[in-house]
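Some notes on the structure that comes next.
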Amino acid sequence: MFKNILLAMCLCFFLKSQSQEKIVVQFFLHPTCPISQKYTLTINDLVKKYQAKPVQFEIIFLNVKSHSQLIEVKNFMNQYQLDLPYRVLKNAKYANQWGVKVTPEVLVLHHDQVQYQGAIDDWFIDWGKNKNVPEQFYLINALNSLLMHDVVWIKKTIPVGCLIELKTKL
């Protein structure tokens, strides 16, 4: 009997720890990129939609090397009323590590692995060309699959956006 109780307690602990592990969503944005600017409403909607779920959102700003660029980031966050954590990095090494090449681009991490990378949705089809409304919701589909402990079927898409300056000075 004691063995069964111990087994049940271990199983409950395992299931609880599995369900509480957060999904991390990183949006790579740039304050002067028009497509990054246009996606701010979508980002705010996603944060609200998943606020009660084990999903952690954050924005990554790359190549912020001066005080004026830091002010630009803060103004961007305020202007678009983005109420989520953000990181400011001085170079693009982190983007290089994950193969992120444009802004906006999204990275979804779960269990220390990339589960999805690419476009938020299919709203933009080329530079300066967008649909009236998106038809494919890649990020939402990935998040919903992960939250249901299911497989993310589309792991990678090619985002449309502003190229990131990937060169790092030695």
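Of all residues assigned to the stretch 60-77, none qualifies as being hydroxyl-bearing (Ser, Thr, Tyr) and in contact with a Phe, Trp or Tyr (Cβ under 8 Å, 6 or more places away or on another chain). Remark: pairs (first residue in the stretch 36-56, in contact (Cβ under 8 Å) with a residue 40 or more places away in the chain; second residue open to solvent by 80 Å² or more (accessible area, probe 1.4 Å); Cβ separation under 7 Å; 6+ apart in sequence or on different chains) = 54/20; 54/22; 55/22.
Note on the stretch 26-138: enclosed strands (runs of 3 or more DSSP E) holding 3 or more residues that are touching a strand residue (DSSP E or B) at 6+ places or on another chain (Cβ under 6 Å) and either among the aliphatic types (A, V, I, L, M) or buried (at least 17 other Cβ atoms within 10 Å of the Cβ) (or both) are 55-61, 105-110, 113-118.
Within 20 Å of residue 156 (Cβ to Cβ) and out of contact with any Asp or Glu (no Cβ under 9 Å at 6 or more places or on another chain): does that describe residue 142? Here the answer is yes, as residue 142 does meet what is asked. Residue 141 meets all of the listed conditions (1) closer than 15 Å to residue 55 by Cα; (2) in contact with a strand residue (DSSP E or B) (Cβ under 6 Å, 6 or more places away or on another chain); (3) surrounded by 12 or more Cβ atoms within 10 Å (Cβ to Cβ) but one, namely (2). The set of residues from the stretch 155-168 being open to solvent by 80 Å² or more (accessible area, probe 1.4 Å) and part of a loop (DSSP other than H, G, I, E, B) comprises 155, 158, 165, 167.
The values are calculated or read from the model by the stated rules, or taken from the named source; none is laboratory data. What you are looking at is a predicted structure, and each value in this text was computed from that prediction instead of being measured. Backbone-built Cβ (ideal geometry, glycine too); neighbour counts: all protein chains shown. What goes into the accessible areas is simple: the full protein's heavy atoms, side chains included, and nothing from ligands, DNA or RNA. Shrake-Rupley method; radii C 1.70, N 1.55, O 1.52, S 1.80 Å.
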